[in-house]
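These notes concern the structure reproduced below.
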Amino acid sequence: MSQSRRIVITGFMGAGKTTLARELARVLACDAIDLDEFITAREGRSPRELIDREGEAAFRAIESRALGDVLVTKAARVVALGGGAWTIERNRAAVKAEPDCFTVWLDAPFELCWERIAVPAGDDGERPLARERGSARALYDERRTLYGLADARVEVGAGDDVRVVAECVLMLAKDDGGPWGGKS
Ligand code: S3P
């Protein structure tokens, strides 16, 4: 871990952050952490349950603590954030305070995200902040400026192969400096 850098992935719900994190971990032969899964394991409740039962503010506090721990303990070389984590200023500051972190915005069109987010009528789904198309769209638009504060942006479309997307992220990370690729 000592000579390696870390990749932190942000982007809207349904952009494919978790899939990309897994692919990057495979290529780099390293661990990946999905912050939502980390929270679920630690709290015994998923982000959906936390938001629905405790409210978004309580969830954000839990999320910030979890992110802080993941960053400080250097628990993994690839970290997929939940879609709202990067939009919180204290979380961006925490990531930026780690000089070895390279942040990438996985930028997928709203229609693609919505296709993955949308659930059948009568089902509340796993994403309480995107239960309705109109409000999900508004959140998507509102957050773009903040996602743009990541070190790099990678545009992805419906037919894109995650292996190609991962290669692209690694190229960008390399351009950003520091040692990349292979096991560390
Ligand atoms: C959220 C995104 C979710 C999860 C929670 C809140 C958000 O993660 O953290 O429901 O505010 O965008 P995914 O982006 O993995 O769906």
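In the set R60, R48, R42, only one residue is touching a Pro at 6+ places or on another chain (Cβ under 7 Å), within 14 Å of the ligand (Cβ to nearest atom) and basic (K, R); that residue is R48. Residues in the stretch 103-112 that are touching a residue at least 12 places away in the same chain (Cβ under 8 Å) and either more than 22 Å from I39 (Cα to Cα) or surrounded by fewer than 21 Cβ atoms within 10 Å (Cβ to Cβ) (or both): D107, A108, P109, F110, L112. Just one residue in the set A61, A21, A41 is within 12 Å of the chain's Cα centre (by Cα), small (G, A, S) and part of a helix (DSSP H, G or I); that residue is A21. When A173, A97, A158 are checked against the criterion of being over 17 Å from the mean Cα position of the chain (by Cα), under 24 Å from A66 (Cβ atoms) and more than 16 Å from the ligand (Cβ to nearest atom), A97 stands alone in meeting it. Against the list (1) in contact with a Lys or Arg (Cβ under 9 Å, 6 or more places away or on another chain); (2) near the ligand (Cβ under 9 Å from one of its atoms), the condition D31 fails is (2). Taken over the stretch 70-88, the criterion of being small (G, A, S), in contact with a strand residue (DSSP E or B) (Cβ under 6 Å, 6 or more places away or on another chain) and within 25 Å of L129 (Cα to Cα) is satisfied by A80 alone. Kindly indicate whether any position in the stretch 116-138 is surrounded by 18 or more Cβ atoms within 10 Å (Cβ to Cβ) and hydroxyl-bearing (S, T, Y). Checked the stretch 116-138: no residue is surrounded by 18 or more Cβ atoms within 10 Å (Cβ to Cβ) and hydroxyl-bearing (S, T, Y). The residue of the stretch 63-94 that is surrounded by the fewest Cβ atoms within 10 Å (Cβ to Cβ), among those that are hydrophobic (A, V, I, L, M, F, W, C), closer than 17 Å to D31 by Cα and more than 15 Å from the ligand (Cβ to nearest atom), is V72.
Kindly evaluate P128 against the criterion of being under 24 Å from V78 (Cβ atoms), over 16 Å from the mean Cα position of the chain (by Cα) and not β-branched (V, I, T). Taking the combined requirement at face value, the residue does not satisfy it. Each residue in the stretch 107-164 was checked for being hydrophobic (A, V, I, L, M, F, W, C) and assigned to a loop (DSSP other than H, G, I, E, B), and 8 of them qualify.
Annotation: of all residues in the stretch 1-27 being surrounded by 16 or more Cβ atoms within 10 Å (Cβ to Cβ) and modelled with pLDDT under 95, the one that is farthest from the ligand (Cβ to nearest atom) is S4.
The values are calculated or read from the model by the stated rules, or taken from the named source; none is laboratory data. Keep in mind the model is a prediction, meaning the values are calculated, not measured. All Cβ positions, glycine included, derive from the backbone under ideal geometry; neighbour counts span all protein chains shown.
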